[in-house]
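Read-outs throughout are calculated quantities, based only on the coordinates presented, and are distinct from any laboratory measurement. Small disclaimer: the values here were computed from a predicted structure and weren't measured. Cβ atoms come from the backbone with ideal geometry, glycine included; neighbour counts cover every protein chain shown.
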């Protein structure tokens, strides 16, 4: 078990931390029903926390802890489009199941129903005892419509003309403020209508930047990291492209990037604090350069689902320093369950083997390991019951045990490339190959046939540092075992013939 004092260093130095996302509302609701007594964050049973630690997770991302306002809750209950989503995921849902979006935050204080800030403090302390870090959400782009700032500081928000709430009801609403009625924009990204339960913050307003940084510094004392929702929306070029006509005169823009300033300020008070960016539109590298510890790797997710081995292999050619700051995932609360997105079990397992044996942070979502087939809208506090798929659960437990080895945590990673097993056999291009090496912790070879057909290849292995003439390959996920002559490996490489989506994770040792 890791001590609390070494957690931040370990998370920042490892090539391969594992983050587990849980929905705070769903978890506490299910535990309350199971135990017959109210359960909050601070009173989650020990067996749950021990299970997270036992699985080898490094950090728990608890989604949905903040206080939600009545406006957002009422919109979530009555929104016509959401009603269909609720019924599709929870056929017997009632309005009591609707809490409102956790991303329409009224105040960055823990919801009283989850135990308030004191309950979170206790929860964090209990995680620390088990060597687990805590990540919470932060929504930089917008607040709830009934956040105190709307009435007390309307200047913090993007404002429209006097009639724009009537002319553009999909973009603006009218609010009572200390300065009289104001027309304020809904929070949005530039490609969709506004989120009608939110109010858009104005990042060209210096006072708003100062107060948001103050909130970040305060929240950073409550957790070990923040997952920043849609972080790219407040980058200057994106914000000005979306809202510039409403926020600033040409030539008077604030040029300093908000995230560079904010992350620097937080790190002065809380060195080692983790910033995780939900990021799209190829903005990942930009956000990393501004100080984000990790950024979502949606490109890899899309390539695993839709583009195949060649696209995945090309993606993994990126600079290692970039890759080690990526978040690899097959599922989260926004994406379909992996059990549906990757409906073939071998395909699902092969994709998981890839994302969990390459550099970067691994994100696992609650329900993914059990192969839950339903994604619930974030506005709900309840999900349908489901029996865990024992085969999928066993697979993930074995894979987590395998990648907890120090060679995967701090070793050196190299992508290998297969070559044709014989003339005109192009199936070697279906392989994703990784080699991990540590002077003290040994070697691992990962071989994945990422294709729905049998594939063959030769692999040239970096074994020049081995001294024995016999090299053993013991699969850590199956009973497969091979012994090869070192000279033969150096002269010819190692031959593989794998079934569709089959894979090996070998411990490579000398006899």
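What to note about this one:
- The angle between the Cα long axis of helix 390-403 and the main principal axis of the chain comes to about 80°, on a 0 to 90 degree scale.
- Whole-number percent relative contact order across region 104-249, with pairs defined as alpha carbons under 8 Å at least 6 apart: 28 percent
- Working note: 222 nm ellipticity from helices only, DSSP H runs with n ≥ 4, each -39,500 (n - 2.57), summed and divided by the residues of the chain, gives -9500 deg cm²/dmol to the nearest 500.
- Axis angle, to the nearest 10 degrees, between helix 80-89 and the longest C-alpha principal axis of the chain: 30 degrees.
- Separation between Cα centres of region 468-486 and region 218-275, rounded to whole Å: 50 Å
- Region 201-305 - percent relative contact order, Cα under 8 Å, separation 6 or more: 31 percent
- Averaging the Cα positions of each part gives two centres, and for region 36-57 and region 391-422 these lie 28 Å apart.
- For the pair residue 510 and residue 422, label points projected 7 Å from Cα toward Cβ lie 3.5 nm apart.
- Packing, taken as the mean count of other beta carbons within 10 Å per residue, orders the peptides 297-304, 197-204 from highest to lowest as 197-204, 297-304.
- Each Cα pair under 8 Å and six or more residues apart adds its separation to the average, and for the chain the resulting relative contact order is 14 percent.
- Degrees separating the helix 258-269 axis from the principal Cα axis of the chain, which is the longest one: 80 degrees
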